[in-house]
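Visitor: Have a look at this one before I ask anything.
The values are calculated or read from the model by the stated rules, or taken from the named source; none is laboratory data. What you see is a predicted model; the values in this text were computed from it and never measured. Don't worry about glycine lacking a Cβ; one is built from the backbone with ideal geometry, like all the others, and counts go over all protein chains shown.
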Amino acid sequence: MKTLDLCQFPLDSLSLIEASAGTGKTYAVANLYLRYLLEQKLGVDEILVVTFTEAATQELRDRVRARIQELSQVLNGEPSDDEVLNYLYQQSSDIEADKLRLRIAERQIDQSEIHTIHGFCQQLLARHALDLNVAFTQNLMEDTKPLLLRVCEDYWRQEVFALPQELLLEVYSNWATPAELMSSLEPLINRRPDVFTPAVLEGGLSAWEQHYHATIDWYQTLRSRTLDSIDEVQKLVAESMLKGVNHKNKWLTLIREWCEAEFTSFDFPKASKRKNLFEVFTPGYLSQDVKKGGVPPEHAYFNFVEAHLRKLPVGSREVFLVQSFQEISKRFNEEKERQQAVSFDDLILNVANALSDEDTRNILINTVRERFSVALIDEFQDTDREQYHIFSSIFSSSIESRKDASMVLIGDPKQAIYAFRGGDIATYLRAKQDIDKHPRGHQFTMDTNWRSSPEMVTAVNQVFQRESNPFIAEDIPFNAVNAAKSTPEHLRGQPAFCITQVRPEGRDIKAMTSILADHCVQQILALLTEGKAAYSDIAVLVRSGKEAELVKQRLARYGLSASYEGKSNIYDSEEAQAIYRLLAAIAEPGDEYLLMSCLSELFFCIDDERLLDIRNNDSVLEYYLELFNDLHKCWNRHGVLAAIRDAMSRLGVYASWHQDASQFQDWERRLSNVNQLAELLQSQAQVTRGHFALLRWFRQNISASVLADDESRLRLESDEQLIRIVTIHKSKGLEYPYVFLPFVFTGRGADMAWFYDQSGKLNLDLLKQESNVSLVDRERLAEDIRLLYVALTRAKYQCFLGTYFYKGAGVLSLGVAKTAWAYLLDREAILEGLDEDNYRSALEGLAAQSNGVIQFNLLDEDDLSESLKQHRFAHFKSEQGRDKGRQEAIACELLDRGLSSQWRVQSFTGLMQESHARQHITTSPGSNSRTPSKEPVAESEERELSIFDFPRGSKAGTFLHTLFESIEFETAQPLTKLRSDGQPLSLRDMIAEKLSLSRLVDEGALPFWSAYLSEWLKNILDAKLSDNFSLSQLPLSDFQAEMEFYFKVQRCQIGRINELLQSYASTVPTLEFASFEGHLKGAIDLVFVKEGQYFLLDYKSNYLGDQLEDYTHDKLSEAMLDHRYDLQYLIYSLALHRYLKARLGAAYRYERDFGGVYYLYLRGMPLNSDGNELGASQTGVYFIKPEAALIEALDLHLEGA
């Protein structure tokens, strides 16, 4: 393979360029683009460039644009030391024409033909829809999972449910839901194997049903024959010369018990590591397990077992999966066709199929060749069979064409790490062979590393040159590369690889992983403290999200900020649950249960003492109910995003994060999640009608177990310079000055048996037969080696590796001996049996032979803890110094006076809350209306009820309020006339419904309380509030329930308020709240008109005692003063006074038109002779009409006079 010379590259060829990591692949593509522009005189619309991702397409456009600009400068006479630019300048035969060509290309570069493979195929299908017999308009389905799930559900309903019960139970034992079946089928649908094991049977599920019954028969034959022979066999074995006779007899007993038990599954009797005890009793096994000089026992049963096991049917589960795959794939494709929808994979398959069809192949090839003279295929190592078929058919096939085309494949097979996405290294190797045989074929390699220091390049070379076939493929050699850059001054003499081994000392993998994570943090702290690196210079590469989260937690523990962008779904976060509860409470602002459910979330930083205060103190609860009512209005007026942000501020979440930064070190992550959720909800609100529809959508997303898409994937929490934690797969194509690989000691075995056979076909062995296990493990190891190569070549200056000798724990947690690292380190030791000593010797040998570029250390755990403390302290001191320097550098003139704002929106509840807080008052036991309620009436208990027995507290008060809001006073009948079933709704029915929803009483007591309260409510309406007036006399047109007000306050000075109140009642205690300006708001329970006068009425459910004597006028006066309802009725009276002045104008007179204020203490109102209490003098009613002078004075003060 020749070394690439960009100036001598044959432009009219079919070429393969193998570009090792850091050798400037993108630079090479951009320069070849320039040569095709000037030397071949091609326009940007004649050069096709295909790469892997949308980000890569934009990077290529930017890089090509930059190179065009640089070349233009050279053509204008500016000197340059760039070899390619100088070559193009010298080759130009017409400078002015070339300058014009470059100007045109630069202007058109955003319309250039630089695409992803999917974008290219989508364009072809759209341009040739008629020729290819595809729909002109097709919907690109970015996420096919919902459609696939629906197909699986249809299949489950139509095919699986139709199975007999016995077979249905067999299916359920493997997949409980259609979603679980889909999860098993997805890898098959995504990779589309050529060969299945077991093979597909004709007949769909009917064939599986026959296979299932054949399997049952096979097991029954085994059980029956075993029970016939077991006694003779046990006696024969007991008297034999076999080794471990006692064990074998125990195993025969287990076999007997298995045969006698009810048949439930396709399992064999097991013992210890033996998965099938029948295999022990075959002639082949027994002949090798006999004592020296002994003769193995002989019996016809042993011959039967051996012969019968050879006829063992393949797994029922696997056969069902293969048969279902065929049918579901067919239905899936039909459904996409019906919806005129295509997935990304379909775009490629449709073009590939068109190029395999005799009728469309030549048309498509000629048309594309007419458009494109050359194709540059970047990242070709990640291609698959269909993609290569497309490019090879169009650009390298030998059909007769009016125009030849060139093709350049650029890639690095050493970095082919996306097999799980369909990336196919076998296809790359086939393409390599095809180009080698082609008459215009050329192969090149790039051998100069422009990324890393000479020490890093040498270290990588040494690791991969230890083994003659490092990538387990003769066609993927490792060619040592040269370093183009010099070593920075401060790193000279420093090792490039720093390898640390920890002694296991009996610890399990969890403990060792924890130690290695701490060691990684220690090394990072050392780098930062010594000033060698900034946060953004450092990357920690991991294999899994679990490893990433561990590293991030350990970094945070020592005050280091890091970011990890994984597959995590925003809807799986703690913040999603909290925001859902918040929105549920905002959507129904009067629901105390939803309110407390929201505030109890730890996310909102409300401590237990505050929660207890909310439960026990009416004024505190009312404050939060009003707050959530405001948030409800904010949602209605400004949208859900504004409501969430307002809630975060008003609930004090931001303030809590700021005040206790040590506890909320992850505040940036939390804030990022909240903002992302708010934006997603705001976007969804544009297409979802109403609060509850949006909440339902939100709940569904939280409940759904799906992988994150671009919108729902967790965002990086900050744009600040952070340590990056990245999976190795995502790190490909990136570079970092310092790279950490803290967990180089284990691997994961293959979940599924994928492999390529000798003919190059992709096989999937669902049975994981032993004959294929070695092939599967070879594929796994080869990809792990390529993954390790990617990881080690990300570093510019240094790479830190952590390891220990791990023996492994099964397929899901392989030991170090089965890792790519060990294979490259000492393959001979692996073959002989790797242990801790020769593993350490291999590491020491690697360092000793490296001429100082690789360093090896043994980690002493005792020293680790002390080192972490020292480095943490040193880092803290250095950060303080840097912060001080930054502050001095950006210091500005400080404001020498305080800033404050008295503007706010207040309410009676808010004012009292603030006054109590300033006076350190809590509700006294005597006045606490939230006393625990008495035992509710049981279903079987029938006794005389009283309103004094009704539960107490704010929740009960809210319930009683809703009763008055829901009825017509004249008729005492519900405003809603019909029940949900269309039947007439009685007062008793309505009360029962509301009482059930409130959960204030037991279900058994509902009939008694609903009957009592219906009569009690009628009696309240009939009660005389004055000599000739009761609420029952009010028609609907004469009253307004829950009348809201919101009026302007120019100023409200607490001193003046106290002066006004005490001038009319000298014994009134002093209030304490901050003076303010802004608005006052509230809602009046009832405003009604009687005989031309307007009245206010407020319902109170306060519990003052069990006797009517506890609700006399004097007792009510005390309660009014205790709760400062005097301020409440003054605010309400002023609100109505202002309203009437505005509506009635000059005709309004306070003394004549304002009737007064009623406070109804509902528990203390007497019932008539038909009620449960005897009639009494008027109790429970408090009436007052504030003096006109007081209202006028208060009005003038709030107006700012």
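Visitor: Look at the stretch 586-604 and say how many of its residues are in a helix (DSSP H, G or I) and closer than 16 Å to Arg615 by Cα. Steps first, please.
Guide: Narrowing the stretch 586-604 to residues in a helix (DSSP H, G or I): 586-587, 592-599, 602-604.
Applying the additional criterion that residues be closer than 16 Å to Arg615 by Cα yields 592-599.
Within the stretch 586-604, residues that are in a helix (DSSP H, G or I) and closer than 16 Å to Arg615 by Cα number 8.
Visitor: Restricting attention to the stretch 680-695, which residues are part of a helix (DSSP H, G or I) and surrounded by 15 or more Cβ atoms within 10 Å (Cβ to Cβ)?
Guide: Leu680, Leu681, Gln682, Gln684, Ala685, His691, Leu694, Leu695
Visitor: For the stretch 706-759, which strands (runs of 3 or more DSSP E) that fit wholly inside it have 2 or more residues that are touching a Cys at 6+ places or on another chain (Cβ under 6 Å) and either at pLDDT 85 or above or surrounded by 21 or more Cβ atoms within 10 Å (Cβ to Cβ) (or both)?
Guide: Details: elements: 723-727, 736-741, 753-756.
Filter on the stretch 706-759 gives 736-741.
Visitor: How many of the residues in the stretch 107-143 are crowded, with 18+ Cβ neighbours inside 10 Å and free of Cβ contacts under 8 Å to residues at least 60 places away in the same chain?
Guide: 0
Visitor: Out of all the residues in the stretch 472-482, is one or more assigned to a strand (DSSP E or B), closer than 30 Å to His389 by Cβ and not acidic (Asp, Glu)? Break it down stepwise before answering.
Guide: Residues of the stretch 472-482 that are assigned to a strand (DSSP E or B), as a first pass: 482.
Adding the requirement that they be closer than 30 Å to His389 by Cβ leaves none.
Scanning the stretch 472-482, I find no residue that is assigned to a strand (DSSP E or B), closer than 30 Å to His389 by Cβ and not acidic (Asp, Glu), so the answer is no.
Visitor: Applying the selection to the stretch 1034-1067, what residues are surrounded by 16 or more Cβ atoms within 10 Å (Cβ to Cβ) and more than 27 Å from Ala1201 (Cβ to Cβ)?
Guide: Scanning the stretch 1034-1067 gives Leu1034, Phe1039, Ala1041.
Visitor: State whether the residues of the stretch 364-386 include one that is over 23 Å from Tyr33 (Cα atoms) and of a type in the set (Asp, Glu).
Guide: Going residue by residue through the stretch 364-386, those that are over 23 Å from Tyr33 (Cα atoms) are 364, 384-386.
Those still in the list that are of a type in the set (Asp, Glu) too: 384, 386.
The answer is yes; a qualifying residue exists.
Visitor: If you don't mind, another one. Can you pull out every residue in the stretch 25-40 that is farther than 12 Å from Val408 by Cβ and aromatic (Phe, Trp, Tyr)?
Guide: In the first step, residues of the stretch 25-40 are kept if they are farther than 12 Å from Val408 by Cβ; the result is 26-27, 30, 34, 37-40.
Selection gives Tyr27 alone.
Visitor: Out of the stretch 296-325, which residues are over 32 Å from the mean Cα position of the chain (by Cα), part of a helix (DSSP H, G or I) and not small (Gly, Ala, Ser)? Let's see the steps before the verdict.
Guide: So the first thing to find is which residues in the stretch 296-325 are over 32 Å from the mean Cα position of the chain (by Cα), and the list is 296-316, 319-320, 323.
If we keep only those that are part of a helix (DSSP H, G or I) too, we end up with 300-310, 316, 319-320, 323.
If the condition is that a residue be over 32 Å from the mean Cα position of the chain (by Cα), part of a helix (DSSP H, G or I) and not small (Gly, Ala, Ser), then Tyr301, Phe302, Asn303, Phe304, Val305, Glu306, His308, Leu309, Arg310, Val319, Phe320, Gln323 are the ones that fit.
Visitor: Could you grab me the full set of residues in the stretch 43-91 that are of a type in the set (A, V, I, L, M), more than 40 Å from the chain's Cα centre (by Cα) and in a helix (DSSP H, G or I)?
Guide: Matches in the stretch 43-91: Ile68, Leu71, Val74, Leu75, Val84, Leu85, Leu88.
Visitor: Looking at the stretch 835-851 only, could you name the residues that are touching a residue at least 24 places away in the same chain (Cβ under 8 Å) and surrounded by 14 or more Cβ atoms within 10 Å (Cβ to Cβ)?
Guide: Within the stretch 835-851, the first condition is being touching a residue at least 24 places away in the same chain (Cβ under 8 Å), and the residues that meet it are 835-836, 839-840, 843, 846-847, 849-851.
Listed by number, the residues that qualify are Glu836, Tyr839, Arg840, Leu843, Leu846, Ala847, Ser850.
Visitor: From the set of residues in the stretch 144-162 that are of a type outside the set (A, V, I, L, M) and free of Cβ contacts under 8 Å to residues at least 40 places away in the same chain, which is farthest from Ala176 (Cα to Cα)? Give the steps one after another, and end with the answer.
Guide: Our first condition is that a residue be of a type outside the set (A, V, I, L, M); within the stretch 144-162, this holds for 144-146, 150, 152-159, 161.
Imposing the further condition that a residue be free of Cβ contacts under 8 Å to residues at least 40 places away in the same chain reduces the set to 146, 153, 156-158, 161.
Numbers: Pro146: 18, Glu153: 12, Trp156: 11, Arg157: 13, Gln158: 16, Phe161: 12 Å.
Applying the filter and picking the extreme gives Pro146.
Visitor: Please count how many residues of the stretch 448-471 are in contact with a strand residue (DSSP E or B) (Cβ under 7 Å, 6 or more places away or on another chain), surrounded by fewer than 18 Cβ atoms within 10 Å (Cβ to Cβ) and assigned to a helix (DSSP H, G or I).
Guide: Residues that pass the stated criteria total 1.
Visitor: So in the stretch 93-106, with the set limited to residues that are among the acidic types (Asp, Glu) and surrounded by fewer than 15 Cβ atoms within 10 Å (Cβ to Cβ), which one is nearest to Gln58 (Cα to Cα)?
Guide: First, the residues of the stretch 93-106 that are among the acidic types (Asp, Glu): 94, 96, 98, 106.
Applying the additional criterion that residues be surrounded by fewer than 15 Cβ atoms within 10 Å (Cβ to Cβ) yields 94, 96.
Values: Asp94: 31, Glu96: 29 Å.
Here the answer is Glu96.
Visitor: Looking only at residues that are farther than 10 Å from Glu386 by Cα and of a type outside the set (Asp, Glu) in the stretch 337-352, which one is surrounded by the most Cβ atoms within 10 Å (Cβ to Cβ)? Reasoning before the result, please.
Guide: Filtering the stretch 337-352 for residues farther than 10 Å from Glu386 by Cα gives 337-344, 346-347.
With the extra rule that they be of a type outside the set (Asp, Glu), the set shrinks to 338-344, 347.
Working: Arg338: 8, Gln339: 12, Gln340: 12, Ala341: 16, Val342: 24, Ser343: 21, Phe344: 17, Leu347: 22.
Checking each candidate, the answer is Val342.
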